[in-house]
Amino acid sequence: MKAINYFLAFIGGAAVGAAAGLLFAPEKGVELRERIAEQLRKRGIHLNRTEMNNLVDDIAEELTKTQE
């Protein structure tokens with residue numbers, strides 16, 4: 001059970017790190033949002049523009065909380 005918790009913590013950290021890397025990469029916001037939307041569509045998740053903006057804002061807010 002302890003090994004599963006470590007694995008889940010690792011996966012969670014990797015996801016946050018990847019999101020941080022994408023959000024803070026030297027790329028225009030519009031291009032970044034389109035890349036994120038494309039990756040989500042590949043996985044069968046379809047979001048409209050408002051939902052996508054909300055998702056990116058939520059991720060950015062969580063990253064800001066993590067950095068503090």
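Determine, from the Cβ-Cβ distance of Asn5 and Asn54 and an R0 of 30 Å, the FRET efficiency 1/(1 + (r/R0)^6), rounded to the nearest 0.05. The computed FRET efficiency comes out at 0.50.
The angle separating the long axis of helix 2-23 from the principal Cα axis of greatest extent in the chain is about 30 degrees. For the chain, the mean residue ellipticity at 222 nm estimated from helices alone is -27500 deg cm²/dmol, where every DSSP H run of n ≥ 4 contributes -39500 (n - 2.57) and the total is divided by all residues, rounded to the nearest 500.
Percent of accessible area on the chain owned by carbon and sulfur, 1.4 Å probe? After summing per-atom areas, the C and S share lands at 60 percent.
For Ala18 and Glu61, a Förster radius of 25 Å and the Cβ-Cβ distance give a FRET efficiency of 0.90, rounded to the nearest 0.05.
The values are calculated or read from the model by the stated rules, or taken from the named source; none is laboratory data. Being a predicted model, the structure only gives us computed values, none of them experimental. Don't worry about glycine lacking a Cβ; one is built from the backbone with ideal geometry, like all the others, and counts go over all protein chains shown. With ligands, DNA and RNA removed, areas are computed over all heavy atoms of the protein, side chains included. Shrake-Rupley method; radii C 1.70, N 1.55, O 1.52, S 1.80 Å.
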